[in-house]
1. Only one residue in Ala250, Ala286, Ala246, Ala261 is hydrophobic (A, V, I, L, M, F, W, C), on the phi < 0 side of the Ramachandran plot and out of contact with any Phe, Trp or Tyr (no Cβ under 8 Å at 6 or more places or on another chain), so which one is that?
2. Tally time: how many residues in the stretch 102-113 are in a loop (DSSP other than H, G, I, E, B) and in contact (Cβ under 8 Å) with a residue 60 or more places away in the chain?
3. Looking at the stretch 361-404, which of its residues are at pLDDT 85 or above, part of a loop (DSSP other than H, G, I, E, B) and crowded, with 18+ Cβ neighbours inside 10 Å?
4. For the condition of a type outside the set (Gly, Ala, Ser), not assigned by TED's automatic domain parsing to the domain that holds Ala283 and not in a helix (DSSP H, G or I), what is the one hit in Ile131, Ile116, Ile151?
5. I'd like the full set of residues that are modelled with pLDDT of 85 or more and over 17 Å from Val124 (Cα atoms), limited to the stretch 54-88.
6. For the stretch 304-351, which positions are at positive phi and among the hydrophobic types (A, V, I, L, M, F, W, C)?
7. Collect the residues in the stretch 295-329 that are among the charged types (D, E, K, R), crowded, with 20+ Cβ neighbours inside 10 Å and assigned to a strand (DSSP E or B), keeping them in residue-number order.
8. Within the stretch 248-258, does at least one residue satisfy the condition of being crowded, with 16+ Cβ neighbours inside 10 Å, modelled with pLDDT of 95 or more, in the same structural domain as Phe201 (by TED's automatic domain parsing) and not β-branched (Val, Ile, Thr)?
Amino acid sequence: MIGGMDFGKALRIEGATARRHRIVDTLTEAFADLMAADPVAFRTKFRKMAADPFAFYRGSACLFYADVAELDDPWADERTRRVWIQGDLHAENFGTYLNAQGVLVFDVNDFDEAIIGPLRWDVVRLLTSVILGGRELGSNGKQSVLLCSSILAGYVAARATSCVPKDPPPPVRRLLEKVELRKHKDLLDRRTVLVAGARRFVRGDRYRDLTPELAAKAVIAFAKYVERLDPGKELAREHFIVEDVAFRIAGNGSLGTLRIAVLTRGKGEPDSRWIFDMKAEGAPSAQALLGAPEELPAERVRRANEICLALPPRMLGTTELDAESLFVRRLLPQDDKLDLARLRAEELPELARYLGALLGRVHARGLRSAAPEPWTELELAGLTEQAIVIAGIHEAAYLALCTAVATT
């Protein structure tokens, strides 16, 4: 049973292969503890994953690495294995944010799954996401494969130079222009409500109450984050006075994990409150193949952001709550991502090349050893072939999940 649904029964139909049985085992093993802790959240998670193959792919990084383990990689060597990788790279893990200097940036984001490992895994995962996300991108199979070539062209150039094109493609420019106009009050109005001149999170689909015990621990954990973030006390401490905390429900892959929203006094006025996200980090999915990282989970995520991004987001930090390692960041109205369903078909090749370039820069910055040799045409073709194989496996697994959802 997965999230209350008999996913195994749906897969173990007459004539099912051993690979399908492994899919069940992989998902069950990866999510067992979280399913037991919050079965309601996981029913929501798996129903979200049943929306389309791309949604399924975004929520099942563990399955991707189980597939990778069975693929031959004749070109892997020590130089290509010692790289900080994003670990869960797909077409929607690129987005906008403000960096520490208040500059609006579009780049790779969400380093929850980051780990030092083979750089090819990030590339193949991104290529697979484009193939599976073809429906949202408005592409047929042939066009999706051509987009893979565009991604690889951008990636190869940027990995060699650590540079990306100066002018972003039209979809990225439109997103940057849109988020630049957003006001802080808009963010607060979407997530909070004014009560007697103060703000509180709106309880409902996005936020739920914490128990009094957990709420008290959350305030202590947040104070620890503030001290680590600003040991020299250069930031006014009244900005960080906690006014409300709540359990936050967000994302797809992270549903079911401990995630706490913190509302602080900020600049003092009701429309100047600050919102922070404290998210429990666990083992990255690629750990099953690489072994445990040296860092604590939240520190691993923080380091990956600071190493891999030329302009990392502001106010990134860590804390602990009981046995949980929490990654903390401030939420801002400029945080957003591309909406794949709204992209124009004629703009996709340039966009794909740009996304590939951003990944290439991440890997160039994340190298822990000497730079690898440039890939040959044969190696590049092999990357796309691997993505096609994995896309086929995930398409079959997605249809099996739909069967399970439809019968519950």
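1. From the options Ala250, Ala286, Ala246, Ala261, the qualifying one is Ala250.
2. Result for the stretch 102-113: 6.
3. Trp375
4. Ile116 is the lone residue from the list that is of a type outside the set (Gly, Ala, Ser), not assigned by TED's automatic domain parsing to the domain that holds Ala283 and not in a helix (DSSP H, G or I).
5. Residues satisfying the conditions do not exist here.
6. Result: Met315, single match.
7. Correct list: Arg329 only.
8. Taking every residue of the stretch 248-258 in turn, none turns out to be crowded, with 16+ Cβ neighbours inside 10 Å, modelled with pLDDT of 95 or more, in the same structural domain as Phe201 (by TED's automatic domain parsing) and not β-branched (Val, Ile, Thr).
The values are calculated or read from the model by the stated rules, or taken from the named source; none is laboratory data. Computed from a predicted model, the values in this text were never measured in an experiment. Note: ideal-geometry Cβ built from the backbone for every residue, glycine included; neighbour counts use all protein chains shown.
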